[in-house]
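The values are calculated or read from the model by the stated rules, or taken from the named source; none is laboratory data. Predicted model only: the values in this text are computed from it and were never measured. Using ideal geometry, Cβ is built from the backbone for each residue, glycine included, and neighbour counts are taken over all protein chains shown.
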Amino acid sequence: MDKRRGGRAIVIGASVAGLVTARVLSDHFDRVTILERDRLPDEAVVRRGVPQGRHAHVLLTAGQQLLNLWFPRLAEDLLAGGAVPFRTRDVLWHQGGAYWVRPDPGHPGMSMSRPLLERAIRRQLLLERPNVSIADDVAVDGLILDADRVVGVRSDAAEHRADLVVGCTGRNTRFLDHLANAGYPAPEISAVPIDVAYGTRLMRRRPDRRDDVPAFILGDPAGVHRMGTALPVEGDRWIVTLGAAPGEALPTDPGEFEEFARALPAPVLADILTRSQALGPVLVQGLATSQRRHVERLRRTPAGFVVLGDAICSVNPIYGQGMSTAAMQARALGQAIERHGRTSPSLPRDFYRRAAKAVDMPWRMAAGPAFTGHRSGIAGTIGAEIVDRYFGRVIQACHTSVPVARRMVRVQNLMARPAALMTPAMIVRVLLSSRRSPVEGDNRPATDGAMAGRRRRPGPGTGSGRQDQARNSSI
């Protein structure tokens, strides 16, 4: 038996966060049991406990690399299930009034639905880790406390004992409230208003077309902050997800939904809706705030229990950071166990400090004014305004400069920190390249799709073509 292993761990929740956490814990415990409230389907379909699974999901490079490390045959399973491979340089990204040039950072991507990814991870986990089991249709009612330690959980009048319990039940987790009722301090919460509504429609995709690549259209935060994405996924389908500006209702009527897409600053998503057969209704969901629980500031927390994933940090889903951030937190949990051991009272606080570092960059990116355009919350100082203006220049530089776009793609994929865009050499490159943007000095794209096309939208074959990449690659 592996001497690194011993005891039992319980993971509450079979989401992506719960599955990758179980994979990490399987290196340290004899038995790892995932308890899931839902009945898990055999097929790749949306389940009740993950209603956001119907919307577009992106697996960032940082998360993809961790999944490939933990599940070496995951990509093979996803491709067999119909996932669509793509090259980053083929992705259409329109932000700040024009298309970006398309760099090739060397990391191929894969597009699939959230249910397909969950099913593939779940199958690989059970195939490759015999010490992991999943019990579905099990509702965990509470934690079992003994002195200053969580020693298990209760469900349906049954008790499940464990040396470590990890709660992966999302941003509305109840378990920290249970601990507060038992006398433990509740973590401070930071919340940044985003008031975003997003709606999704599944469309039939023609597999013979050559433009089946992800497309991301973001309105200007200084103007109308509408946004949208289209992902080619398994089953010859498109997942088209649109996001409304803060406080704006997103239509559920199919015709109005298409009109909303047509009002984006580029016509790609509206064209998909126009030419493709609809496979279902428009499904809408909303999120009022990006939220972070500062668990790293807790002075007292019981041994044997931690929360992980959206319970710690949950941000605007349009940036696709949730699954990758959960994987980074799971890695941090493994590192904390390696340092302190499976049952150490020091484990929770050390993990929370490590998790805070893992979520700090995504939080600042997704909740900060430079990326959201919201002037409340993190913003408010002269320094923040300067950074905000500078990142507007970065976006403009991405219209013409391959090196800037490549660095920005690395930051967006959590492979580099935002500070990588603020080195002296990069600042000079950004300022020079942004002056060549077709919207230099005017970072407010038109809200009418046709007007945007007439005024300043270089098409995918012009402002982002190979000739322009070669011409601007040294800038």
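Among helices (runs of 4 or more DSSP H) entirely within region 2-96, having at least 3 residues that are out of contact with any strand residue (DSSP E or B) (no Cβ under 6 Å at 6 or more places or on another chain) and β-branched (V, I, T) singles out 16-25.
Filtering region 283-309 down to residues that are modelled with pLDDT under 95 and among the hydroxyl-bearing types (S, T, Y), which residue is nearest to R353 (Cα to Cα)? Out of the qualifying residues, it is S290.
When you check G280 against the structure, is it farther than 15 Å from G199 by Cα and surrounded by fewer than 16 Cβ atoms within 10 Å (Cβ to Cβ), yes or no? Considered against the rule, which asks whether it is farther than 15 Å from G199 by Cα and surrounded by fewer than 16 Cβ atoms within 10 Å (Cβ to Cβ), G280 comes out as no.
Got a sec? Which helices (runs of 4 or more DSSP H) wholly within region 333-444 have at least 2 residues that are modelled with pLDDT of 90 or more and within 30 Å of A263 (Cβ to Cβ)?
Per the criteria, 382-397, 402-412, 424-434.
Look at (1) surrounded by fewer than 16 Cβ atoms within 10 Å (Cβ to Cβ); (2) within 23 Å of G235 (Cα to Cα) and you find that R47 fails only one, number (1). Filtering A215, A230, A222 for residues that are at pLDDT below 90 and either assigned by TED's automatic domain parsing to the domain that holds L35 or closer than 25 Å to G97 by Cβ (or both) leaves a single hit, A222. Within region 120-128, is even one residue crowded, with 23+ Cβ neighbours inside 10 Å, within 17 Å of the chain's Cα centre (by Cα) and part of a helix (DSSP H, G or I)? Taking every residue of region 120-128 in turn, at least one turns out to be crowded, with 23+ Cβ neighbours inside 10 Å, within 17 Å of the chain's Cα centre (by Cα) and part of a helix (DSSP H, G or I).
This table checks each residue for (1) assigned by TED's automatic domain parsing to the domain that holds M323; (2) at pLDDT 95 or above.
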{"site": "H57", "(1), (2)": "yes, no"}
{"site": "N68", "(1), (2)": "yes, yes"}
{"site": "R73", "(1), (2)": "yes, yes"}
{"site": "D90", "(1), (2)": "no, no"}
{"site": "P105", "(1), (2)": "no, no"}
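For region 289-303, residues that are in contact with a helix residue (DSSP H, G or I) (Cβ under 8 Å, 6 or more places away or on another chain) and in a helix (DSSP H, G or I) total 2.
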